[in-house]
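For reference, the structure is listed below as structure tokens.
The values are calculated or read from the model by the stated rules, or taken from the named source; none is laboratory data. This is a predicted model, so every value here is computed, not measured. Methodologically, a virtual Cβ is constructed for each residue, glycine included, from the backbone with ideal geometry; neighbour enumeration extends over all protein chains shown. What goes into the accessible areas is simple: the full protein's heavy atoms, side chains included, and nothing from ligands, DNA or RNA. Shrake-Rupley method; radii C 1.70, N 1.55, O 1.52, S 1.80 Å.
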Amino acid sequence: VMYMPWMVLPVKRTRQTGFLFPTVSSSERDGFGINLPFFLNLSPSSDLTVYPEYLSDRGLLTGLEFRYVRDQNSKGMLIGNYLNDDLSDPAETEYYHDGNYTHTNTDRYWLRGKADHDFAGWITRLDLDIVSDRDYLSEFNTGLTGFNTSKDRFLDIYGRGFQNKTEDERINTLRVLKSWQDMSLEGELLGVNDVRLDKSNPTPLWKLPSFKHTGLLPVGDTRLNFDWDADYVNYWRENGAGANRFDVFPRVSMPVPLSDYLESTANVGVRDTMYLIQEYGESDWKGDETENRFLLDMEGEVGTTLMRDFGMASNDLHAWRHTFRPYVNYRYIPDVNQQSLPQFDSVDEITDMNLVSYGLDNFFKLGGTKKDTVYDRDLGYIKIKQGYDLRSEQSDIPWTPFDIKVGYLPLQQLRLLYKTEVDAYGEGFLTHSVEGAYLNSRGDLLATDYRYDKPNDTDSISVNTRVNLFYNLLVAYSIDRSISGSTTVEENIAVIYKPSCWSVELSANSTPGDQKFMVTFRLANIGNPLGLDLPGI
């Protein structure tokens, strides 16, 4: 197809410096594109990959990826992309109109990375997510360094991905955790990459730093337990009110021996929150420099557990167990004036509470012996909860909505989850959430997620499926659609040929304002520490 006088392709099973297979694309918005990655094997535990991607209507989108591994629990990966964008010109009215874009900057980039390190009992987690503008992640969401692939790779390797690509306040954190037998200490630095269109005051809050100490200790030979949360955070922001906040919340809990058939617990705590308020930049804070809040928090619960087995476990037979736990809970927090406090997070506005609630929890398990194999697994659950508000201002509508959760696992490979809230005064369903996932031994996948939230005007559905056909051929399809807005947020379809050590993928991606087609070649086990496959393999 194209003559090259000299080229190295790493086709051995060992890690080797050389070019990786290219990705070719054609887009209504970006034009023709080609990405020819070059892998550089720095050492047995580190490597560097360059992703030079040329887009005919936009310019050169350069990517650079660095990875290293010290051991199974200590590794890191950092990826950066940069583009001097030829389309970021207000004169490109069709481009801005079709995609509903708002940025005007030509220098566009995305820096992301994660690092995990464990040393001497200390656990550290670093998460970076810095982007040039609010449109970048929605535009560049496909390809070897796109948002979708990056999110899946980091989620697979590190167990955590990134915020939704539409979030305008991107969180960056460094966390350090030390745990002992009965207590833990966590420190955190948090910064915010603010790409809001309207950067009005106050600006986002940073934590520079925060510390949290928690613990649980038995009180002598008694049945009492003493536990606590002690937090300190220095809230900083470019414009607005910040503070040094100290929050101490000690509690005492104990079982209450009412009867042999009742499980009863009671706990009482006091919460003291102190503020040293500071003003930064353009601030409209009109309160005092110091504030303090003191709260009482009491809670008690009485319940019982009933169990029954249905059927006999024997060869080729199975039994299922029903566990039923009704309970009654009471929670009390007095009404304290908090209007003079700054509002940083949920700690700063704890609403008063005088609530009695009841719950009916049902758990189902399946067990027995089948073909000389003993098995025992969860079959599902049904949870129902509702509360009665004793506060006088709620006397006209004291009943809270019914909170219902249902889980059903008919097969080990199939999971169905349903959550809803139903108004107690005839307003019907307030929220729906349906999640389903099926994955079999062949690798066939079907996952769906439907969400309806009447108070927040949310109504959306997403579907993701993958089917293995024959002769190493598989197809994949996904769609994310806003039902309330009658718009398709993103749609993907792919046909993949995947023998044992390489693959070729033909895919199409559709987003508002763009339709893209891609051909991607991949080699397995090339440039991947600890035997991790390349994205999509």
Surface/4 estimate of mean projected area, convex hull on alpha-carbon atoms of region 380-537, nm²: 14.2
By the scheme Lys and Arg +1, Asp and Glu -1, what is the net charge of all other residues having a beta-carbon under 14 Å from that of E349? -3
Applying the Karplus parametrisation 6.51 cos²θ - 1.76 cosθ + 1.60 with θ = phi - 60° to the phi angles of region 396-409, what ³J(HN,Hα) value in whole Hz is obtained for each residue in order, glycine and proline being reported as x? 7, 9, x, 7, 7, x, 5, 9, 10, 10, 10, x, 9, 10
With labels modelled as points extended 7 Å from the Cα through the Cβ direction, what inter-label distance (nm, one decimal) is found for D152 paired with M183? 4.6
Counting only backbone N atoms under 18 Å from a point 7 Å out along Cα-to-Cβ of E167, the residues of region 53-86 in range are 79
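Tell me what the chain gives for mean residue ellipticity at 222 nm when only DSSP H runs of n ≥ 4 count, each as -39,500 (n - 2.57), the sum divided by the residue total, rounded to 500 deg cm²/dmol. List each step's numbers first, then the result.
Numbers: 3 runs with 23 residues, N = 537.
My calculation for the chain gives -1000 deg cm²/dmol from helical runs alone.
Run the numbers on the chain and let me know its relative contact order in percent, using alpha-carbon pairs under 8 Å that are six or more apart. Numbers along the way, then the final one.
Details: 1363 pairs, mean separation 45.7, N = 537.
Result for the chain is 9 percent.
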With unit charges on the beta carbons (Lys and Arg positive, Asp and Glu negative) and the dipole taken about the Cα centre of the chain, which residue among T49, Y497, M353 sits farthest to the positive side? Y497
Using the Cα gyration tensor of region 5-162, the equivalent ellipsoid's semi-axes, largest first and to the nearest Å, work out to 31, 22, 11
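At 0.36 nm per residue, and after removing the present C-alpha to C-alpha distance, how many nm does the segment from D57 to H432 gain when stretched out fully?
Numbers: separation 375, 0.36 × 375 = 135.00 nm, distance 4.29 nm.
Gain in length upon complete extension: 130.7 nm.
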Rank by packing, highest mean first: peptides 388-396, 233-241, with packing defined as the count of other Cβ atoms within 10 Å averaged across residues. 233-241, 388-396
Calculated from backbone phi, Karplus (6.51, -1.76, 1.60) coupling profile of region 110-127 in Hz, x at Gly/Pro: 8, 10, 9, x, 8, 9, 10, 9, 10, 8, 6, x, 9, 10, 10, 9, 10, 10
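Reported to two decimal places, what Rg/Rh ratio describes the chain when computed on Cα atoms with Rh from the Kirkwood expression?
Numbers: Rg = 27.9 Å, Rh = 28.0 Å.
When Rh is taken as the Kirkwood radius, the ratio is 1.00.
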Name the long-range amide H neighbours of R29: under 5 Å, sequence gap of 5 or more, or other chain; modelled H, no Pro or chain starts. Q515
Could you tell me what percent of the accessible area of the chain is made up of carbon and sulfur, with a 1.4 Å probe and every protein chain present? 58
For region 163-204, with equal point scatterers placed on the C-alpha atoms only and solvent neglected, what are the log10 I(q)/I(0) values from the Debye formula at q = 0.18, 0.20, 0.22 1/Å, to two decimals? -0.65, -0.71, -0.77
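Specify whether the C-alpha gyration tensor of region 414-492 places it in the rounded, prolate or oblate class, a ≥ b ≥ c being the square roots of the eigenvalues: rounded for a/c under 1.5, otherwise prolate if a/b is larger than b/c and oblate if not. Write down the numbers at each step before the final one.
Working: a/c = 6.60, a/b = 1.96, b/c = 3.36.
Since a/c reaches 1.5 but b/c is at least a/b, the shape of region 414-492 is classed as oblate.
What does the C-alpha gyration tensor say about the overall shape of region 90-194? Classify as rounded when a/c is under 1.5, otherwise prolate if a/b is larger than b/c, or oblate. Mind showing how you got there, number by number?
Numbers: a/c = 3.64, a/b = 2.46, b/c = 1.48.
Prolate shape, in that a/c is at least 1.5 and a/b is the bigger ratio.
Distances longer than 16 Å among the Cα atoms of region 458-498: what percent of all pairs is that?
On the way: 373 of 820 pairs.
I get 45 percent for the Cα pairs in region 458-498 exceeding 16 Å.
Taking only protein heavy atoms into account and a 1.4 Å probe, give the accessible area per residue of the chain in Å².
55
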With a point put 7 Å past each Cα toward its Cβ, work out how far I483 is from N225 in nm, to one decimal. 4.1
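Based on alpha-carbon atoms only, what is the radius of gyration of region 219-351 relative to the globular estimate 2.2 N^0.38 Å?
1.65
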